[in-house]
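The structure appears right after this line, and notes come after that.
The values are calculated or read from the model by the stated rules, or taken from the named source; none is laboratory data. A quick note: this is a predicted structure, and the numbers were derived from the prediction, not measured. Cβ: placed from backbone, ideal geometry, glycine included. Neighbour counts: every protein chain shown. Surface accessibility is based on the protein's heavy atoms, side chains included, excluding ligands, DNA and RNA. Shrake-Rupley method; radii C 1.70, N 1.55, O 1.52, S 1.80 Å.
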Amino acid sequence: MWREHRKDNLNEIKNSETNIWLAGDGQFDSPGFCAKYCTYSVMDLHSSKIIDFNLVQKGMGSGDLERKACESLIDKLIEEENCNIKLFLTDRHRGIRYFLRTKYPQIEHEFDVWHLSKSLSKRLKGLDKKYPDAYLWKTSINNHLCNVHEWEDNGKTKKCEHEKLNDEDLKKKLWIHPNSESYFALKKIIMAKDLLKDLQHAKHFVHTGRLESYHNVRLKYMPKRIHLKFNGMYLRSIIAILDHNYNVNKTLIGDKLVFSKPIGRYTLKNRYKNPSNN
């Protein structure tokens, strides 16, 4: 059943009129640095279905488990399945970044916006005590980075879709003086070379949220506190994929109030009809 399901999904993305955009991420079988297995899963960003996965075990080869699992899976999809991948979304894993840049430069490598935002939040947290006026901008910076709303790209003028701030809104903003210590401390973080370099890989504003949701489904079948043999991990991975793929089009029935740890407040999230496990 898995072989037929996998074949149908691959044919669907290859025959689609849209470009093949995939997202990949690895999940280890145990917390900490004592992992025995790494399961690397690839999702179609258009349908949110898991297309394929690769399970590697410690000792099967040298080097980083996640990079090894990703490399062999991408090679398989391109060389054996003839998938013309246009974009591949990952976290900022250095090994995977190097692999795609050197072996498949034709693939547009995109970084997960959520991971970039999380990394920036950690840096901004250092402003909390010494530069509180700059720290107050943390949420706004993560949402919008800077007060520039119109710019040129290859000779074309581009602008934000939101409405302009009126005079009253502009007066209420707690602007930072451009000659203050807070300003330079904030500028040092925002203009860091590595951040600006990574932003070039976030121009499509895509994220791995649905892939993270799938990883939660996997934990139902493969709890990290339980040791499983290789075949058990492989078969349970298949069941988790089938469970996820048959529930990607869940019906939206409203919203719910949940507490968000990263931003430290309650936010509204979509509420869906309970999934079917048939």
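Screening the stretch 231-252 for residues that are in a helix (DSSP H, G or I) and touching a residue at least 40 places away in the same chain (Cβ under 8 Å) and picking the one that is most open to solvent (accessible area, probe 1.4 Å) gives Tyr234. For the stretch 172-188, the set of residues classified as open to solvent by 100 Å² or more (accessible area, probe 1.4 Å) and either outside any helix (DSSP H, G or I) or more than 21 Å from Pro132 (Cβ to Cβ) (or both) consists of Leu174, Trp175, His177, Asn179, listed by residue number. If the condition is being within 16 Å of Ile51 (Cα to Cα), among the small types (Gly, Ala, Ser) and over 21 Å from the mean Cα position of the chain (by Cα), then the stretch 231-257 contributes no residue at all. Looking across Lys118, Lys103, one residue alone is among the charged types (D, E, K, R), modelled with pLDDT under 90 and either closer than 19 Å to Leu199 by Cα or loosely packed, with under 15 Cβ neighbours inside 10 Å (or both). It is Lys118. Here Leu228 qualifies as open to solvent by less than 50 Å² (accessible area, probe 1.4 Å), at pLDDT 85 or above and either more than 29 Å from Ser121 (Cβ to Cβ) or under 21 Å from the mean Cα position of the chain (by Cα) (or both). For beta carbons closer than 8 Å, sequence separation of 6+ or different chains, a first residue in the stretch 204-223 that is on the phi > 0 side of the Ramachandran plot and a second that is open to solvent by 20 Å² or more (accessible area, probe 1.4 Å) and at pLDDT below 90, the qualifying pairs are Phe205/Val113.
Considering the stretch 73-100, the residues that are under 30 Å from Thr139 (Cα atoms) and open to solvent by 10 Å² or more (accessible area, probe 1.4 Å) include one that is nearest to the chain's Cα centre (by Cα), namely Asp91.
The residue of the stretch 12-41 that is farthest from Asn84 (Cα to Cα), among those that are open to solvent by 60 Å² or more (accessible area, probe 1.4 Å) and in a helix (DSSP H, G or I), is Glu12.
Could you list all residues from the stretch 43-72 that are farther than 20 Å from His204 by Cα, assigned to a loop (DSSP other than H, G, I, E, B) and open to solvent by less than 50 Å² (accessible area, probe 1.4 Å)? Within the stretch 43-72, just Gly61 meets the criteria. The condition (being among the polar types (S, T, N, Q), at pLDDT below 85 and on the phi > 0 side of the Ramachandran plot) is satisfied by just one residue among Asn142, Asn154: Asn154.
Screening Lys220, Lys197, Lys269 for residues that are over 29 Å from Leu55 (Cβ atoms), in a helix (DSSP H, G or I) and open to solvent by 100 Å² or more (accessible area, probe 1.4 Å) leaves exactly one candidate, Lys197.
In contact with a Cys (Cβ under 8 Å, 6 or more places away or on another chain) and either over 27 Å from Ile189 (Cα atoms) or not in a loop (DSSP other than H, G, I, E, B) (or both) - does that describe any residue in the stretch 78-87? Checking the stretch 78-87: not a single residue is in contact with a Cys (Cβ under 8 Å, 6 or more places away or on another chain) and either over 27 Å from Ile189 (Cα atoms) or not in a loop (DSSP other than H, G, I, E, B) (or both). Listed conditions (1) surrounded by 11 or more Cβ atoms within 10 Å (Cβ to Cβ); (2) within 27 Å of Leu89 (Cα to Cα); (3) among the charged types (D, E, K, R) are all met by Asp255, apart from (2).
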